[in-house]
1. Find the percent of Cα-Cα distances in the chain that exceed 19 Å, and round it to a whole number.
2. Tell me what the chain gives for mean residue ellipticity at 222 nm when only DSSP H runs of n ≥ 4 count, each as -39,500 (n - 2.57), the sum divided by the residue total, rounded to 500 deg cm²/dmol.
3. Any chance you could run the full-extension gain for residue 72 through residue 55? It's 0.36 nm times the residue separation minus the Cα-Cα distance, nm to one decimal.
4. Could you work out how far helix 61-71 tilts from the main Cα principal axis of the chain, as a 0 to 90 degree angle to the nearest 10?
5. Can you order the peptides 84-93, 58-67 by their average number of other Cβ atoms within 10 Å per residue, highest first?
6. Quick one: angle between helix 17-26 and the longest Cα principal axis of the chain, in degrees between 0 and 90, rounded to 10, please.
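Bear in mind that the values in this text are calculations on the coordinates, not laboratory data. Fair warning: this is a prediction, and the values are worked out from it, not measured in the lab. Every residue, glycine among them, receives a Cβ derived from its backbone with ideal geometry; neighbour counts consider all protein chains shown.
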């Protein structure tokens, strides 16, 4: 069954939102788009409180697990990872119906 993964976080202190958005776009085009099981949908949004969400559709939990196992170590994702406040990050998965 297809899965929606939702990550919620704030940016780190002093991180420029525009620079982070550019890093986020690189994650989508250079990393996520090349992952097996990615269903072609990755949306990012933020609110005026500085909270960001990333919503990704995958073909299975196994596809999410495989991508996440490599995510933190892939150099394409370095600016994205550095820009997040990891202490505020939560991740959830939902089954599509």
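1. Beyond 19 Å sits 37 percent of the P(r) for the chain.
2. -8000 deg cm²/dmol
3. Value of the extension gain: 4.4 nm.
4. Helix 61-71 and the main axis of the chain meet at about 40 degrees.
5. So the peptides 84-93, 58-67, ranked by packing, come out 58-67, 84-93.
6. Helix 17-26 and the main axis of the chain meet at about 30 degrees.
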